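Student: To start, I am sharing the structure in question, which I have written as structure tokens.
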Amino acid sequence: MRCSVRLLMGAFVASAMLVAPARAAEPPAAVNGEAMPVRGVIRAIDQAALSTDLQARVMQIGFREGETFKKGDVLISFDCERYRAEAQSTEAVPREMRLTLESNQQLEKFRAVGKHDVEISRARVDKAEAEALSQTTRLKQCEVFAPYDGRVAELSINQYEQPQPNKPFLVIVSQSRLEIEVIVPSFWLSWIKPGVAMTFQVDETQRDYPAKIVRIGAAVDAVSQMIKIIATFDEVADDVLPGMSGVAHFVRPNG
């Protein structure tokens, strides 16, 4: 009886070993090109985290989180009275240095001063003008203007507060120029090229948006055998925001 059971168990294991390789050889559905779902995320082409090295308090905040602005609008302004006073003081120094230079140039004609003294006066004029220009440039930082149309994504400072040096206090993004980043299998490169049409179904809106591929990543990931492709929407959609994700659907050029 025991021998017959052992024989039956051995026959069952042998048959299972013969069936298992046959099932493993079948290609899974995820490897099939068009059947594989590919996820993507929407990124803003124009995005900036703004910071400053000014030691000044915030005087006015033009826009709060989520609000839209136009190019050229004042996003935030600082109290720069101290910097303006310093700029006025430095603007007077170049005039004084130029008067000294002109006086030395006249004295040089009568050999009352040497050429070396004239060159020193000219160098002092250049130094004073450079310092005045530096102060004028710093004053331009007292107001932060919007470089493009967009929205405020993050605001981490309040009125009357002083920003920490070189630490971002305002993040802005543009909604008019968006890209779609999608990760696809590398063997799709045999037919995926710039200009290939696609549709992108956004999870948050549950809508399909036509798009097309504009760039392909520079390298294939050696481990996952995947590559990044970048696409843009055919038309700007008001309900699409940076950070939204979805599924990309492609149509092969050969159908």
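The values are calculated or read from the model by the stated rules, or taken from the named source; none is laboratory data. The shown structure was predicted, so the numbers you read here are calculated from the model rather than taken from an experiment. Here Cβ is always computed from backbone atoms with ideal geometry, including for glycine, and neighbour counts include all displayed protein chains.
Student: Determine whether GLY195 is outside the structural domain of ALA85 (by TED's automatic domain parsing) and surrounded by fewer than 17 Cβ atoms within 10 Å (Cβ to Cβ).
Tutor: yes
Student: Look at the range 158-184 and say how many of its residues are at pLDDT below 95 and of a type in the set (Asp, Glu).
Tutor: Within the range 158-184, residues that are at pLDDT below 95 and of a type in the set (Asp, Glu) number 0.
Student: Here's a follow-up. Name the pairs: first residue in the range 173-192 and among the basic types (Lys, Arg), second residue not in a strand (DSSP E or B), Cβ to Cβ under 9 Å, at least 6 apart or on different chains?
Tutor: ARG177/ILE45; ARG177/ASP46; ARG177/TYR148; ARG177/VAL236
Student: Scan the range 164-172 and give yes if some residue there is in contact (Cβ under 8 Å) with a residue 12 or more places away in the chain and under 27 Å from SER89 (Cβ atoms), otherwise no.
Tutor: yes
Student: For the range 155-175, which positions are under 21 Å from the mean Cα position of the chain (by Cα), crowded, with 17+ Cβ neighbours inside 10 Å and under 10 Å from SER51 (Cβ atoms)?
Tutor: Listed by number, the residues that qualify are PHE169, LEU170.
Student: Here is a follow-up. Scan the range 213-229 and tell me whether some residue there is in a strand (DSSP E or B), under 16 Å from ARG39 (Cα atoms) and in contact with a Phe, Trp or Tyr (Cβ under 6 Å, 6 or more places away or on another chain).
Tutor: Checked the range 213-229: no residue is in a strand (DSSP E or B), under 16 Å from ARG39 (Cα atoms) and in contact with a Phe, Trp or Tyr (Cβ under 6 Å, 6 or more places away or on another chain).
Student: Sticking with this one: Would you point out the residue of the range 108-148, among those that are assigned to a helix (DSSP H, G or I), surrounded by fewer than 17 Cβ atoms within 10 Å (Cβ to Cβ) and among the small types (Gly, Ala, Ser), that is nearest to the chain's Cα centre (by Cα)?
Tutor: SER134
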